[in-house]
Amino acid sequence: MEKIYSSINQKWLISTLTFFIGCIILLSSLTYTRRNTKNFALLQNIVISVTSSDFEQHNLQISPPPPNEVPKIEESEKKEWNISDERIYSPESSPLSDLHSPNLQILPPPANEFPKIEESEKKEWNISDRRVYSPESSPLSDLHSPNLQISPTPANEVLKIEETEEKECNIFDGKWVYSPESSPLYHVWQCPFLGDQVSCRNNGRLDFEYQFWSWEGRGECKIPRFNGTDLLERLRGKRVIIAGDSLNRNQWESLACLLYSSVPDHRRTFVDVKSSLYKVFKAKDYDCTVEFYWSPFLVELEVKKENGSRILRLDKLSDASKKWRGADIMVFNTGHWWVHIGKMKAWDFFGYNGTLIDEMQIESALQLAMKTWANWIDKKVDLNKTKVFFRSISPEHKGNNDCHNKTKPIEDDSYEPIFPNSIIETVEKIVRAAPVMYLNITKLSQYRVEAHPSIHLKQNLVMRHLQQKQPELKADCSHWCLPGVPDTWNRLLYAAIVLDKGPDKLQPRTLQFS
């Protein structure tokens, strides 16, 4: 028994000595740590080599010294540790301590304490004197630091992406893609004000696939998808006028419907379509208006009261132009009424410089009228405020490419235009010399032979019988069903507004016509 007790006493003696030795080492470490935080951080991770049974027996706990026992730091020590009076110090803020402590405040060193960077280092990190440098801003540092300042790349170092995109991206050059998930942009029942001429489904058209085609750019050219809410915001406090013939009325109906269907509460809109000469859509919450003005020639068609003679004044803009002024966006077109012949011809004489002209080549008359319009834009429109667009000729589908009974677009370039190419060239010649943007929708619309109203028009039984008997003569292959092709015209108008770099594209300049 005495041997057993002697053995137990020896073990207790060894354990007690080990405990006291550990305490002495700990107290020495804490005292030394007050002079050197780095060593303290290392000592925090020292594990005392005592058996687990000993810890269990003695419930050994090591606690940091209370805050009131932290000794004052001498000025020399502050300087050595790069600590200033303005900063908050705590012994727990060593590099290996818990950085997420709620009481921890770490302030960056003052700018004058940043080490100087050698030119070789600057060159290696691609740092110039113009940019802000801090030691923490290495490639692997936390870029989300609130104190980190990153200066933009100088202008002369920016890649010329925009210029490349402009050269490669032509939104009017592309292809039609069958896309039921993205088209149509609205439904006919959402726009109760649509005219009978374009409401094909309401007039008995049974095939609807003409609504499901989307115009997409080629290659990397991405055309912005139409966003009615965004366009309303861009038009806030603004006025849009669309002036021209029935094809521009077709475009106005499309744009009015696109915006109308984007307003959640239709009671906050106003639409007036009673007049054939003027139509208007208003979005009250956006204080914006979209107006249509009937002006198929853009110049004045004067009717003499005394004899009823009709004079097309080639040197005088339409009287409606007085109401066009002040608009923020203008969209014009003309062309179709210039080629009407026989009973469809709208004038008896041309008038120019006070002279009545009985006969004149149509291209020459159109050129004079277009010059009158372009000069009005140049002199009367503030191009720093107003964006001006001219929409190209909308193609017709007659003759060999008659639209009757067509249900799919033309998939190749086999379409033979029946509209006089000389008229198109005359219009383009003037428009491209004028300070306006050209919405060149002619070619993309040529593929859509199936998208016209054809015989699906609201009319009396006699007219319907005649259409069914001679559909190739009575079918409407000029205008477009809605939803349909004019929605794409307005999508491209929207893209032109969104992608426009600013008013510098529309700076006034002297017009030069050859």
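The table for this structure:
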{"item": "Residue in segment 202-219 that is closer than 17 Å to ILE329 by Cβ, outside any helix (DSSP H, G or I) and either in contact (Cβ under 8 Å) with a residue 12 or more places away in the chain or aromatic (Phe, Trp, Tyr) (or both) present", "result": "no"}
{"item": "Matching entry among LYS379, LYS343, LYS371 (being crowded, with 17+ Cβ neighbours inside 10 Å and either within 31 Å of the chain's Cα centre (by Cα) or not in a strand (DSSP E or B) (or both))", "result": "LYS371"}
{"item": "Residues (out of contact with any helix residue (DSSP H, G or I) (no Cβ under 7 Å at 6 or more places or on another chain), closer than 24 Å to PRO264 by Cα, open to solvent by 30 Å² or more (accessible area, probe 1.4 Å) and touching a residue at least 24 places away in the same chain (Cβ under 8 Å)) located in segment 173-189", "result": "PRO180, HIS187"}
{"item": "First in segment 435-457 and closer than 12 Å to SER394 by Cα, second anywhere and of a type in the set (Asp, Glu) and surrounded by fewer than 22 Cβ atoms within 10 Å (Cβ to Cβ), Cβ under 7 Å, 6 or more apart", "result": "HIS452/ASP476"}
{"item": "Given (1) part of a helix (DSSP H, G or I); (2) loosely packed, with under 15 Cβ neighbours inside 10 Å; (3) charged (D, E, K, R), number of the condition GLU428 does not satisfy", "result": "(2)"}
{"item": "Residue check for LEU356: under 22 Å from VAL303 (Cα atoms), among the hydrophobic types (A, V, I, L, M, F, W, C), open to solvent by 30 Å² or more (accessible area, probe 1.4 Å) and assigned to a helix (DSSP H, G or I)", "result": "no"}
{"item": "Qualifying positions in segment 359-368 - out of contact with any helix residue (DSSP H, G or I) (no Cβ under 9 Å at 6 or more places or on another chain) and open to solvent by less than 50 Å² (accessible area, probe 1.4 Å)", "result": "LEU368"}
{"item": "Residue count, segment 436-459 (criterion: farther than 23 Å from ASN401 by Cα, touching a strand residue (DSSP E or B) at 6+ places or on another chain (Cβ under 7 Å) and part of a loop (DSSP other than H, G, I, E, B))", "result": "1"}
{"item": "Any hit, segment 390-412, residues being more than 32 Å from the chain's Cα centre (by Cα), within 16 Å of SER478 (Cα to Cα), surrounded by fewer than 19 Cβ atoms within 10 Å (Cβ to Cβ) and among the hydrophobic types (A, V, I, L, M, F, W, C)", "result": "no"}
{"item": "Segment 193-211 - residue that is open to solvent by less than 50 Å² (accessible area, probe 1.4 Å) and under 31 Å from the mean Cα position of the chain (by Cα) and, of those, farthest from LYS274 (Cα to Cα)", "result": "TYR210"}
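Let's see how each residue does on (1) hydroxyl-bearing (Ser, Thr, Tyr); (2) within 22 Å of LYS343 (Cβ to Cβ); (3) not in a strand (DSSP E or B):
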site	(1), (2), (3)
LYS274	no, no, yes
LYS279	no, no, no
LEU312	no, yes, no
ASP315	no, no, no
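The values are calculated or read from the model by the stated rules, or taken from the named source; none is laboratory data. Every value quoted in this text rests on a predicted model; they were computed, and no experiment measured them. All Cβ positions, glycine included, derive from the backbone under ideal geometry; neighbour counts span all protein chains shown. Each accessible area value is taken on the protein alone, full model and side chains, heavy atoms only, with ligands, DNA and RNA left out. Shrake-Rupley method; radii C 1.70, N 1.55, O 1.52, S 1.80 Å.
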